[in-house]
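Working notes, beginning with the structure itself.
Every read-out reported here was derived from the displayed coordinates using simple, explicitly stated rules and does not represent laboratory data. The shown structure was predicted, so the numbers you read here are calculated from the model rather than taken from an experiment. FYI the Cβ positions are ideal-geometry reconstructions off the backbone, even for glycines, and counts take in every protein chain you see.
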Amino acid sequence: MTGMTREAAAAARAQHVRQRADRPSQRRSAELSGTRAVARVPATIELREASETGLLEFVGRATVYERGYTMWDWYGPYTEIVSAGAGAESLARADLDVPLVLGHDQLRRIARTTNGSLVLSEGDDGLSVHAPDLDPADHDVAYIAPKLRAGLIDEMSFAFRIEAGQWSPDYMEYRITRYDIHRGDVAIVGYGANPYTEAGLRAEAGVKAAEPADQGRARALLELALHR
């Protein structure tokens, strides 16, 4: 169903969804059927000066918790929220396999948890991504670094499976309470759907990026810095 208002979609959903714990049907990031279901986070990017090693350090947030963003299901648009701690069980897996990729393309990997080049961690405000030793000689790293520096690419996203969640009583909001990111990905992407996030790159090691002036907005860091 396309062209539905949020209210009409919620009314239809209330009539047809069997129980509030049911996951969204045909969940996607845009109204067009067949769009991938990924939550994306906008940011602002800068680079700091080169270090002795020449390796690049990437620090970012793949998603922001407790902030609603618009998604679509079979019935139309709704608000989706990821609960703080929703990824804890998945991230604790000893065999966790998640790559950092460009544009959700699995052949354009620049780091991966399985070889220690990527570390994922959870805070109250989101899913943190840390790739401390990116090789600038890697074709994909060399491709994306100047685009991040110029601000041409400035967003992140993550691909995951919903394991548990619940609709609000009015069926206008779906809260994800547990997700599985094993064999999903965290990605540097072109466009985003979450309007509540901003980000900045720390100018030097150990200096925290300035927070947005609007304290009601989610704090999100997306950093590309040369490794010291």
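In this structure, the amide hydrogen of T63, modeled 1.01 Å from its nitrogen in the peptide plane, lies closer than 5 angstrom to those of L127, counting only residues at least 5 positions away or on a different chain.
A protection proxy built from the mean count of other Cβ atoms within 10 Å ranks the segments 109-122, 54-67, 18-31, most packed first, as 54-67, 109-122, 18-31. Cβ under 9 Å from L55's Cβ, L55 left aside: what net charge do those residues give with Lys, Arg +1 and Asp, Glu -1? Neighbour charge sum, excluding L55 itself: -3.
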